[in-house]
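K.L.:
Have a look at this one.
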Amino acid sequence: MIPAEKVQTQLQQLLNTIDEVVIGKRDVAKLSIVALLAEGHVLLEDVPGVGKTMFVKTLSKAINADFKRIQFTPDLLPSDVTGMSVYSPKDMEFHFKPGPILTNIVLADEINRSSPKTQAALLEAMAEQHVTIDGLTRELPSPFFVMATQNPIDFEGTYQLPEAQLDRFLFKLNMGYPTKQEELAILNGVEQKRTIDDVQPVMNVEELRTMQQMVKDVYVDDVIKNYIVDLVIQTRTHESISLGVSPRGSVALMKAIQAYALLEGRDYCIPDDVQHLMKHAFAHRVILQPETRYEGVTEGSIIEGIIKRTPVPVKG
């Protein structure tokens, strides 16, 4: 077990390291670390050139983890993701050639550009922590973290992610454009030739695995659990939502608030944790009524409205 003070120090160092390389994305970095601690996965939806790839590379190097990038294209096959058995004429036997999914941190770039069959190759890995190849089950390394990206403005030649796959992501995040000051800082960093090679690890994968176990010991009071369930039920009965959050979403949010509490230096959860993370954990899990979407209302605004009208629990 790692002392609580050391956990706090290392997590803050990790956050600061990412913030120094990927300028102006501290909130995204914080939420991504929460997902990593909670053993969840992240979907980044944003335009090209805002630093998504640099962000994931920095995260992997800061925790000294193995990293692979998969560029999803229309001709990508499931075996290109999971791996395959290759025949060797030398010894007349088949040898397994592992795919890029068998690593600690995976960047699934432009995931919506591949066919649903190839997208589904990620499902078992993300949900079960293993893949089945040629009838054999192979365990994935631990920790295992997928950060997938998709471009929200270019829909030609893309395949919309099905709800079952979206539900596998703990958070759906947007990086957004930097402010003027942040973009000037980026230009100065380029001028000073500051690169990802300058990043030094602040922890290792063994320490990260220990932290992931510590997350499970963070206390969640029954009052908080009831609050989560009340919020989830409202997504299922809301007049503007045709499909609400599943029980998997409830579990995902509870794991997320435990990880967030650990990052904040607490061994217990509070209602503010739920309110802070609910939008990121639930917005991609609900489907709005068609007429609601035509009016320009977003999933995020609906979730925010549910939070405001749901009484905050007070333990007597």
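The values are calculated or read from the model by the stated rules, or taken from the named source; none is laboratory data. Treat the numbers as computed from the prediction; the structure is a model and nothing was measured. No Cβ is skipped: glycine too gets one built from the backbone with ideal geometry, and neighbour counts run over all protein chains shown. Areas reflect the complete protein model, heavy atoms only, side chains present, ligands, DNA and RNA absent. Shrake-Rupley method; radii C 1.70, N 1.55, O 1.52, S 1.80 Å.
K.L.:
Taking ALA185 as the residue in question, decide whether it is in contact (Cβ under 8 Å) with a residue 12 or more places away in the chain, among the small types (Gly, Ala, Ser) and crowded, with 20+ Cβ neighbours inside 10 Å.
P.N.:
Values: in contact (Cβ under 8 Å) with a residue 12 or more places away in the chain: yes; among the small types (Gly, Ala, Ser): yes; crowded, with 20+ Cβ neighbours inside 10 Å: no.
So ALA185 fails the test.
K.L.:
So which pairs qualify, if the first residue must be in region 11-37 and at positive phi, the second must be open to solvent by 10 Å² or more (accessible area, probe 1.4 Å) and not in a loop (DSSP other than H, G, I, E, B), the Cβ gap must be under 6 Å, and the two must be at least 6 apart or on different chains?
P.N.:
Final answer for the pair search is GLY24/GLU182.
K.L.:
Answer yes or no as to whether GLU39 is over 17 Å from GLN200 (Cα atoms), acidic (Asp, Glu) and modelled with pLDDT under 90.
P.N.:
So GLU39 does not fit the description; no.
K.L.:
Sort through THR53, THR9 and tell me the only one that's surrounded by fewer than 19 Cβ atoms within 10 Å (Cβ to Cβ) and within 26 Å of SER115 (Cα to Cα).
P.N.:
When all the criteria are applied, what remains is THR53.
K.L.:
Please give the helices (runs of 4 or more DSSP H) falling wholly within region 169-269 in which 1 or more residues are under 30 Å from PRO290 (Cβ atoms) and over 24 Å from the mean Cα position of the chain (by Cα).
P.N.:
Of the helices (runs of 4 or more DSSP H) lying wholly inside region 169-269, those with at least 1 residues that are under 30 Å from PRO290 (Cβ atoms) and over 24 Å from the mean Cα position of the chain (by Cα) span 222-237.
K.L.:
Turning to a different aspect of this structure: Out of the residues in region 37-48 meeting the condition of being part of a loop (DSSP other than H, G, I, E, B) and of a type in the set (A, V, I, L, M, F, W, C), tell me which one is farthest from ALA125 (Cα to Cα).
P.N.:
The qualifying residue farthest from ALA125 (Cα to Cα) is VAL47.
K.L.:
If you check ALA164, ALA125, ALA148, which single one turns out to be more than 30 Å from GLU207 (Cα to Cα) and aliphatic (A, V, I, L, M)?
P.N.:
Answer to the selection: ALA164.
K.L.:
Anything in region 57-105 that is open to solvent by less than 70 Å² (accessible area, probe 1.4 Å), modelled with pLDDT under 90 and farther than 24 Å from LEU161 by Cβ? List them, or say none.
P.N.:
Scanning region 57-105 gives SER85, VAL86, SER88, ASP91, PHE96.
K.L.:
Output the number of residues of region 110-158 satisfying the condition of being among the hydroxyl-bearing types (Ser, Thr, Tyr), over 28 Å from SER85 (Cα atoms) and open to solvent by 10 Å² or more (accessible area, probe 1.4 Å). Steps first, answer last, please.
P.N.:
Looking only at region 110-158, we keep the residues that are among the hydroxyl-bearing types (Ser, Thr, Tyr), and these are 114-115, 118, 132, 137, 142, 149, 158.
From what is left, the residues that are over 28 Å from SER85 (Cα atoms) are 149, 158.
With the extra rule that they be open to solvent by 10 Å² or more (accessible area, probe 1.4 Å), the set shrinks to 158.
Here the count works out to 1.
K.L.:
Right, here's the next one. Under 7 Å by Cβ, and 6 or more places apart or on different chains, what pairs join a residue from region 292-305 that is in contact (Cβ under 8 Å) with a residue 40 or more places away in the chain with one that is open to solvent by 70 Å² or more (accessible area, probe 1.4 Å) and assigned to a helix (DSSP H, G or I)?
P.N.:
Listed pairs, sorted by first residue: ILE303/LYS279.
K.L.:
Which residues, counting only those in region 270-315, are assigned to a loop (DSSP other than H, G, I, E, B), touching a helix residue (DSSP H, G or I) at 6+ places or on another chain (Cβ under 9 Å) and open to solvent by 30 Å² or more (accessible area, probe 1.4 Å)?
P.N.:
ILE270, THR298, PRO311, VAL312, PRO313, VAL314, LYS315 - these are the residues of region 270-315 that are assigned to a loop (DSSP other than H, G, I, E, B), touching a helix residue (DSSP H, G or I) at 6+ places or on another chain (Cβ under 9 Å) and open to solvent by 30 Å² or more (accessible area, probe 1.4 Å).
K.L.:
Another question, if that's okay. Any residue at all in region 108-120 that's touching a residue at least 12 places away in the same chain (Cβ under 8 Å), among the aliphatic types (A, V, I, L, M) and in contact with a strand residue (DSSP E or B) (Cβ under 9 Å, 6 or more places away or on another chain)?
P.N.:
yes
K.L.:
Of the residues VAL215, VAL199, which single one is open to solvent by less than 10 Å² (accessible area, probe 1.4 Å), modelled with pLDDT under 95 and either touching a Gly at 6+ places or on another chain (Cβ under 9 Å) or under 29 Å from ALA29 (Cβ atoms) (or both)?
P.N.:
Checking each option against the conditions leaves just VAL199.
Table: residues versus (1) outside any helix (DSSP H, G or I); (2) at pLDDT 95 or above; (3) in contact with an Asp or Glu (Cβ under 6 Å, 6 or more places away or on another chain).
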residue	(1), (2), (3)
GLN13	no, no, no
GLU20	no, no, no
GLY24	yes, no, yes
ALA35	no, yes, no
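K.L.:
Please work out which one of (1) touching a Phe, Trp or Tyr at 6+ places or on another chain (Cβ under 9 Å); (2) among the aromatic types (Phe, Trp, Tyr); (3) touching a residue at least 24 places away in the same chain (Cβ under 8 Å) is the condition PHE67 fails and give its number.
P.N.:
That leaves (1) as the condition not met.
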